[in-house]
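Q: My questions all concern the structure below.
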Amino acid sequence: MKTIYIKIMLIALSVFVVSCDDDETLSNTNVSPVSELYSPADNTFFNLGAASSALFEWQHAKAEDNGIVLYDVVFDVESGDFSNPVYVMPSDGKGLQNTLNISFTDLNRIAEMAGIESKNSGKLKWTVLSSKGLNIQKSGASGVIEVERPAGFPSPDELFILGTASEAGTANTDAIPLKKIGATQYEIYTSLKPGDYHFITRKSDNSLVYSINGTNLEEGGATTYSGEEKVYRIQVDFSDGSVNMVEVGEIKLWFPPTGEFMFDFEYQGNGTWKAANVFIEFKQEGWGRDERYKFRFMIDGQEMWYGSVNGDNQRPSDDSDLSFWYMVPVTDDYWSNCFKYNGNVDEKNADIEIIFNASVPEYTHAVTPL
């Protein structure tokens, strides 16, 4: 009997100790709400078309255990009470700092989520949550900022083309990526045939959809193409919602040692052209064999030259870095910015392929001896 009594006392004591530990653990998660918002001041105006950012700052909250506090900045519509916020973002330092430096690009996305249309002004309400991961405290203070959205749209991380008029077809999974050429700009070299096409921001079903109306980008819808099948360069800029679309005509290789345009390139799809099984012969000079070349594109009926980033080059080898073959816009100067063939293609047949798509880090070309 005495043994049973002792066991009961030990169990009761252990429960008491665990309860105390739980209370202490829970008390260590207690933090105070943020009591004051410092900046931006109420009704501060931000024109989100600029390449800038906004700084949000608030008073530190206090933790009961004097430890770290985590912060989230909450955005809502002007009339909202933050019960169903538009967006929540951790503060700087992965939630550890009492500041948030947010880009205008991100603010533009939030403004769109809040229902503020492009080229219009509206207001966003904001506040701060403090916590240690539990017992989240919402500040009793809130602020309001006014924003003006630019004519464009928030720039996506990716952009794809698809549709019956495109090379991709209609399945999202087969959509062809555009190449990102700037912070808000995308570009693709592609063929179009009669049908419809549009752009998507991801290959999943919940993608945003954009289409072209004249020279403007529009949200939703599709663009009808009714002309002959041709190759186009399509450039999209989300910062101002503009689109530039021009026809890509013939591409030839310029061989300055003989002053001739050589090798017509045939379009292969997915932004690639090929001169197949062509015979390459360097020109014999008194000092050696000359192998320099670059490319002339006809774009929108105008000459556009592509060559090397270097004004002059050494002959490449099989071990040369792939960047040697990167193609950049250059002048029509007779000799400048020419590439040089690898010596292994002299007096041999080869395939020459131009690659202007998103699969390569920079637009490039390859010369493959056969």
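Q: Each residue of the stretch 74-83 in turn: what ³J(HN,Hα) in whole Hz from Karplus with 6.51, -1.76, 1.60 and θ = phi - 60°, glycine and Pro shown as x?
A: Ordered by residue, 3J(HN,Hα) equals 10, 10, 8, 5, 4, 8, x, 10, 6, 6 Hz.
Q: Among the listed pairs Lys138/Lys203; Lys179/Lys230; Lys125/Lys203; Lys203/Lys294; Lys119/Lys203, give every one whose C-alpha distance is greater than 30 Å.
A: Those over the limit are Lys138/Lys203; Lys125/Lys203; Lys203/Lys294.
Q: Right, here's the next one. For q = 0.23 Å⁻¹, what log10 I(q)/I(0) does the stretch 156-252 give under the Debye formula with an equal point scatterer on each alpha carbon and no solvent?
A: -1.30
Q: Please identify every one of the GluC sites (Glu not before Pro) in the stretch 158-241 that sits in a loop by DSSP and has no more than 12 other beta carbons within 10 Å of its own beta carbon.
A: Glu228, Glu229
Q: Same structure, new question: For Trp254, Trp126, give the ranking by accessible area with the largest first, probe 1.4 Å.
A: Most to least solvent-accessible, the answer reads Trp254, Trp126.
Q: Right, here's the next one. Where the Cα atoms of the chain are projected onto their three principal axes, how long is each span, largest first, in whole Å?
A: 108, 59, 38
Q: Of Asn84, Ala54, Ser239, which is farthest on the positive side of the dipole of the chain, counting Cα position, with +1 on Lys and Arg Cβ, -1 on Asp and Glu Cβ, and the Cα centre as origin?
A: Projecting each Cα onto the dipole axis, the largest value belongs to Asn84.
Q: While we're here: For a quick size check, give me the Cα extents of the stretch 208-350 along its three principal axes, largest first, whole Å.
A: That gives 62, 30, 28 Å along the principal axes, largest extent first.
Q: Within a Cβ distance under 9 Å of Tyr210, other residues only, what is the Lys/Arg minus Asp/Glu net charge? Write down the numbers at each step before the final one.
A: Numbers: positive: none; negative: Glu218, Glu219.
Counting the neighbours of Tyr210, the net charge comes to -2.
Q: Moving on. Would you mind pulling out the separation of the Cα centroids of the stretch 93-140 and the stretch 215-250, in Å?
A: 34
Q: Over the stretch 123-166, with the other protein chains present, what is the accessible area per residue in square angstrom, probe 1.4 angstrom?
A: On a per-residue basis, the stretch 123-166 sits at 34 Å².
Q: Let me ask something additional. Say a paramagnetic label sat at a point 7 Å from the Cα of Glu347, along Cα to Cβ; which residues of the stretch 276-307 have their backbone N under 18 Å from it?
A: 278-292
Q: Using the charge dipole of the stretch 98-201 (Lys, Arg: +1 at Cβ; Asp, Glu: -1 at Cβ; taken about the Cα centre), state which of Leu107, Tyr186, Gln137 has its Cα farthest towards the positive end.
A: Most positive-ward Cα: Gln137.
Q: Charges only on Cβ, +1 for Lys and Arg, -1 for Asp and Glu: so what's the dipole of the chain about the Cα centre, in debye to the nearest 20?
A: That gives a dipole near 780 debye.
Q: Between Leu96 and Ser359, what's the calculated FRET efficiency when r is the beta-carbon distance and R0 is 35 Å? Round to 0.05.
A: 0.35
Q: Over the stretch 130-186, what lengths in whole Å, largest first, do the semi-axes of the equivalent ellipsoid take, defined as the square roots of 5 times the eigenvalues of the alpha-carbon gyration tensor?
A: On the way: eigenvalues 326, 70, 25 Å².
Semi-axes (√(5λ), whole Å): 40, 19, 11.
Q: OK, next. Compute the whole-percent fraction of alpha carbon pairs in the stretch 268-354 spaced more than 23 Å apart.
A: Working: 935 of 3741 pairs.
More than 23 Å apart: 25 percent of the Cα pairs in the stretch 268-354.
Q: Among residues other than Asp264 whose Cβ falls under 9 Å from its Cβ, what is the net charge (Lys/Arg +1, Asp/Glu -1)?
A: -1
Q: Please get the size of the charge dipole for the stretch 133-232, origin at its Cα centre, with Cβ charges of +1 on Lys and Arg and -1 on Asp and Glu, quoted in debye to the nearest 20.
A: Result for the stretch 133-232 is approximately 260 debye, rounded to the nearest 20.
Q: Moving on to the next point. Can you work out the accessible area per residue across the stretch 56-102, with the rest of the protein chains kept in place, probe 1.4 Å, in square angstrom? Don't skip to the end; give the middle numbers.
A: Values: 2560 Å² over 47 residues.
Using a 1.4 Å probe on heavy atoms only, each residue of the stretch 56-102 averages 54 Å².
Q: Sequence-distant or interchain residues sharing an amide H contact under 5 Å with Thr170, placed H: which?
A: Amide H to amide H, under 5 Å and 5 or more residues apart or across chains, Thr170 pairs with Gly163.
Q: Run the accessible area of the chain with a 1.4 Å probe and give the carbon-and-sulfur part as a rounded percent. Intermediate values should be presented prior to the final figure.
A: Numbers: 9440 of 19100 Å².
Percent of accessible area from carbon and sulfur atoms in the chain: 49.
Q: How much accessible surface area, in Å² rounded to 10, belongs to the heavy atoms of Asp157 with a 1.4 Å probe?
A: Answer for Asp157: close to 130 Å² accessible.
The values are calculated or read from the model by the stated rules, or taken from the named source; none is laboratory data. Source: prediction; values computed, not measured. Methodologically, a virtual Cβ is constructed for each residue, glycine included, from the backbone with ideal geometry; neighbour enumeration extends over all protein chains shown. The accessibility values were calculated without ligands, DNA or RNA, using every heavy atom of the protein model including side chains. Shrake-Rupley method; radii C 1.70, N 1.55, O 1.52, S 1.80 Å.
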